[in-house]
Amino acid sequence: MHNTDLSAPPEEGYEAYVGRIARGAGITTIGQGVSRLLGSATQVALARMYGPAQLGFYALGVTLVQVVNILSQVGLDNGVVRYVAHYSAGKDVARVRGTIIQGVGAAFVFSIALSGLMFFCAGFLADKFFNKPFLETMFRCFSLALPFFTLMSMSLLATQGFQNVKYAVYVQQVFRPLMNLGLIFVFFLFGVEILGAVAAYILSLIAASILALYYLVRIFPELLDRTIPAKFESRALFGASGPMIVASSTPYIIPWIALFMLGVFKTAQDVGIYDAASRTANLSTLILFAFTGIFSPMISSLYRRGLLSDLNYLYKDVSRWSFVGALALFLLTALLAKNVMAIFGGEFISGWPVIVVVAAAQLFNSSLGPSARILAMTGHQRIIMYTTLGSAAASVVLNLLFIPAFGILGAAAATAAALIIANIVNLFFVYRGLGFWPYSREYAKPVLAGLLASIVVYLAQLALPIPYSTLGLVVFTPLFLVVFSGTFLALGLSPSDRQLLLSFWGAVRSTLRQEP
């Protein structure tokens, strides 16, 4: 019997759902934390080794291959997660096998075609679009990474359809960035210029794609069992995936637009400074992404079974938990923005306002929780497509207006405005279509804790005027975290909060003890 009364309390399985989310988020948070740390270390290393201009060229190349990677997946990333979860819930092994073979295979073939197109169009993009001839070599080198990037991404997304994020964490968030960083240092020691960093990026993706395939077969050995006929539900898979070609890029397309338009109107140095600042600002999305990875297949499963009350309660809790983590990270990066940018070098400190503006928009995004995923996993992909196209158009217009006049700050303002517009529209359709609403009085607790912690750190900064450096981060970060967490705990935890923390800590301990 379906539980569709949204005002009703959750069913008996709710604690199990929270536990599963906590365990998945615990694993993903470790992975995301390590990944963000390695990513930041990579950016700092590149900035220190080559300066902001070379970092700008590298950032444009990485961004282009990320854009084309999304296109090569033709929306199948969401379709594979959704239908692997869907058919797994019904124990339909043949259709699970067919979904994986068709989804991963089609995306990989398309990525090869786009890789060739990217290679042959590199000169046009570098000379005519960006007016930076060196980008031709950069784009052609990065085009070689595309098929492996797509193969890795799709294989790991298939594993997430089984409500298991462990392998995606190990490969995409730990192994690949660690290997990439290590190879960057190796090539630098041998005197190779910025193209050595590109070679490191390509080699790390080749190794990661092989490891991703290994783990996919490990979690679903039937994939190679030819005695099981693969049943292809092409209409369902491609029908659900088609609108997601655009929607898949929702978290990225707006920042990408800003970076590309800076590349057109400003110097490579401006691009490098903006990229370092905006990536730092996006650290506040860490918690939301951690919850989204495990929550997405659960959305599909609960919606399929008609358990809308449980889904509504989980959405509220996940949104609040995402907000708590994002608020702490936002306030820290905003208060210590100049200290953070000083890590990259003195030339980068001017980018500190970008951190504040972009991180504020991402905080609002996190406060709404995984609203776009709610729509994607409940059959409303077209809404996300239209929302993404509309917000992307707004981003283009705003960047055209703001970048020539205000430079990197204009790009940050345009990005923030477009992100807020997109997320407001997504929330409207979630509420209109499903009756879900993320906000509650529980949001007041982290806000009060954040205000008190911010005041304490601000006063401490006045009392201890430390120059902008890593020392400021070492001194003030622990102070903020102690006051924030202490105040938040003193205000009281809900039953689901306590369940989350217990399961989360258990998952962290288990993950730290186990091998992949």
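FYI, it's all coordinate maths here, none of it is from the lab. Since the structure is predicted, the reported quantities are computational estimates derived from the model, not experimental observations. Cβ sites come from the backbone with ideal geometry, for glycine too, and all protein chains shown count toward neighbours.
Of all lysines in the structure, those lying under 25 Å Cα to Cα from K316, and not within fewer than 8 positions of it along the same chain, are K166, K445.
Just order 191-198, 419-426 by mean Cβ neighbour count inside 10 Å, highest at the front, would you?
419-426, 191-198
Under a model in which nothing but the beta-carbon of Lys, Arg (+1) and Asp, Glu (-1) is charged, the stretch 22-242 shows a dipole of about 420 debye around its Cα centre.
What ranking do M138, M341 get, fewest neighbouring Cβ atoms within 10 angstrom at the top?
The fewest-first ordering by Cβ neighbours comes to M138, M341.
Cross-link reach is defined here as a Cα-Cα straight distance under 19 Å, omitting same-chain residues fewer than 8 places apart; for K91 the lysines meeting it are K231. Which parts of the stretch 262-277 would a label at M49 reach, counting a residue when its backbone N lies under 19 Å from a point 7 Å out along Cα-to-Cβ? Only 269, 272-273, 275-277 pass the distance filter. Sorting C121, C141 by the number of Cβ atoms found within 10 Å of their own Cβ, with the fewest placed first, yields C121, C141.
Using a simple spin-label model with pseudo-atoms 7 Å out from Cα toward Cβ, I466 and L224 lie 5.2 nm apart.
When each of L157, L491 is scored by the number of other beta-carbon atoms lying within 10 Å, the sequence from fewest to most is L491, L157.
Relative contact order for the stretch 22-242: what percent, with Cα pairs under 8 Å and sequence separation of 6 or more?
Relative contact order here is 31 percent.
Once you have a ≥ b ≥ c as the square roots of the Cα gyration tensor eigenvalues for the stretch 99-188, tell me rounded if a/c is under 1.5, and otherwise prolate or oblate according to whether a/b is larger than b/c. Oblate, because a/c is 1.5 or more while a/b does not exceed b/c. Placing unit charges on each Cβ (+1 for Lys and Arg, -1 for Asp and Glu) gives the stretch 22-242 a dipole about its Cα centre, and among S72, Q160, G103 the Cα reaching farthest toward its positive end belongs to Q160.
Taking every C-alpha pair closer than 8 Å and separated by at least 6 residues, the mean separation divided by the residue count of the stretch 40-134 gives a relative contact order of 23 percent.
Going Cα to Cα from K132, which lysines come in below 24 Å? Please leave out same-chain ones fewer than 8 positions away. Leaving aside lysines fewer than 8 places away in the same chain, those within reach of K132 are K266.
Two tests apply to each whole DSSP H helix in the chain, Cα reach of 27 Å or more along its axis and mean Kyte-Doolittle hydropathy of at least 1.6, and the ones passing both are 194-219, 408-434, 444-463, 470-490.
For L489, the shell of other residues with beta-carbons less than 10 Å away shows a net charge of 0, using +1 for Lys and Arg and -1 for Asp and Glu.
Evaluate the charge dipole of the chain about its Cα centre and quote only its size in Debye, nearest 20, assuming +1 on the Cβ of each Lys and Arg and -1 on the Cβ of each Asp and Glu.
Here the size comes out at about 440 debye.
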